[in-house]
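Below is one structure, written out as structure tokens, with a few remarks after it.
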Amino acid sequence: MTRLRGECWVVTDGRAGNDRQALALADALGLPYRHLVLGLRAPWSWFAPRLLPGGRLALPSAQRRGILVPPWPAVAIGCGRAAAYYTRLLRRLSEQGTYTVQILDPRVDPAHWDTVIAPRHDGLQGPNVLHPIGSLNPVDEAWLAEGREVCPAFGDLPEPRVAVLVGGPRKDIAIDAAYAAELADRLVAQHRRDGGSMLVLASRRTPAAVIAILRERLAGIPGVVWSSEAEGINPYPAAMGWADRLVVTPDSINMLSEACAVGRPVQTYVTGPLPGKFERFHRALRAAGLLRGLDDPVPERQTPLRETRSIADTVKQRIVQRQGA
């Protein structure tokens, strides 16, 4: 394939999940890139990604100098609603010279961007829309191997090593003390049956009560329980790299997507009906043989869900066609 030309701007709002998806795509495209974490002031934030007059004034005053000025990038990648405002604005400012890629449903006509990447459960349609099952991420064999190298001590833990990835509450999804107690009971029962060790990792959204219950209930099981940087560097890549099995709470599409990219069995514990897009996402993973319940039997390995490279290849072909025009 012809090599891409120019620079890429990656625009996000600083949210970890949005950063991760946009940067994963930028890395896969192979262009040199500049990561811009941009705020969005009112009233522009109220209407984003719809454009209002005075587009550059949407930037907070501290970010206004030297941002959104030419030379314009060859490619701009955004993830999230605030980023959608800026990628759309860049397309206008560059007179469509910048190829714009927006990740996640922008909630307006996708024709305002050159390519929109929206997971299937969003139901967004359009000739320029790509539909992965899950979220984009950097997980591949090299990423997993690097994780193992960072923390080789995890390799000495008893097998099977179970990575337990814990999110937090969302609307209509309760990740609370009661949920933690039920999850812990099932994890303890699983350990009694299978032995092994557990690598329990909280996220930024995990309530303190949830991790406290898991820490107490799983205290007799070999492994680690990690909740914040105060306990040392986040061992997430290492846990993923060494895991023989993964258990993920049902509230995070990003965590479930990354777990399914590992190539090991992934389980979840769901206590009630899931809302809209989460139910559709879980159903798609189960239909593909990528997700099981916590009490379901699991294979030793499964085919990994790795969509970032194929999505990047499609985007690259479209950019090359534009640059060759």
field: Qualifying position, being of a type in the set (A, V, I, L, M, F, W, C), within 17 Å of residue 136 (Cβ to Cβ) and free of Cβ contacts under 8 Å to residues at least 40 places away in the same chain, among 84, 48, 62
entry: 84
- request: Give the residues of the range 115-167 that are among the charged types (D, E, K, R) and under 19 Å from residue 267 (Cα atoms), sorted by residue number.
  value: 159, 161
query: Residue check, residue 312 against (1) under 20 Å from residue 246 (Cβ atoms); (2) of a type in the set (A, V, I, L, M, F, W, C); (3) out of contact with any strand residue (DSSP E or B) (no Cβ under 6 Å at 6 or more places or on another chain), all met but one. Which one?
result: (1)
field: Among the residues listed as 42, 84, 62, the single one being crowded, with 23+ Cβ neighbours inside 10 Å, small (Gly, Ala, Ser) and either in the same structural domain as residue 320 (by TED's automatic domain parsing) or part of a strand (DSSP E or B) (or both)
entry: 84
- request: Select from the range 88-115 the residues that are touching a Phe, Trp or Tyr at 6+ places or on another chain (Cβ under 6 Å) and buried (at least 20 other Cβ atoms within 10 Å of the Cβ) and write down the one among them that is nearest to residue 24 (Cα to Cα).
  value: 102
Search result, residues across the range 137-165 that are touching an Asp or Glu at 6+ places or on another chain (Cβ under 7 Å) and either among the polar types (S, T, N, Q) or farther than 23 Å from residue 227 by Cα (or both): 137
query: Of the residues 50, 56, which is assigned to a loop (DSSP other than H, G, I, E, B) and over 24 Å from the mean Cα position of the chain (by Cα)?
result: 50
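Conditions tested, residue by residue: (1) modelled with pLDDT of 95 or more; (2) under 28 Å from residue 311 (Cβ atoms); (3) acidic (Asp, Glu); (4) out of contact with any helix residue (DSSP H, G or I) (no Cβ under 7 Å at 6 or more places or on another chain).
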{"position": "8", "(1), (2), (3), (4)": "yes, yes, no, no"}
{"position": "24", "(1), (2), (3), (4)": "yes, yes, no, no"}
{"position": "38", "(1), (2), (3), (4)": "yes, yes, no, no"}
{"position": "52", "(1), (2), (3), (4)": "no, no, no, no"}
{"position": "57", "(1), (2), (3), (4)": "no, no, no, yes"}
{"position": "66", "(1), (2), (3), (4)": "no, no, no, yes"}
message: For the condition modelled with pLDDT of 95 or more, in a loop (DSSP other than H, G, I, E, B) and aliphatic (A, V, I, L, M), what is the one hit in 116, 139?
response: 139
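The values are calculated or read from the model by the stated rules, or taken from the named source; none is laboratory data. As the structure is a computational prediction, the values presented were derived from the model and not from experiment. Don't worry about glycine lacking a Cβ; one is built from the backbone with ideal geometry, like all the others, and counts go over all protein chains shown.
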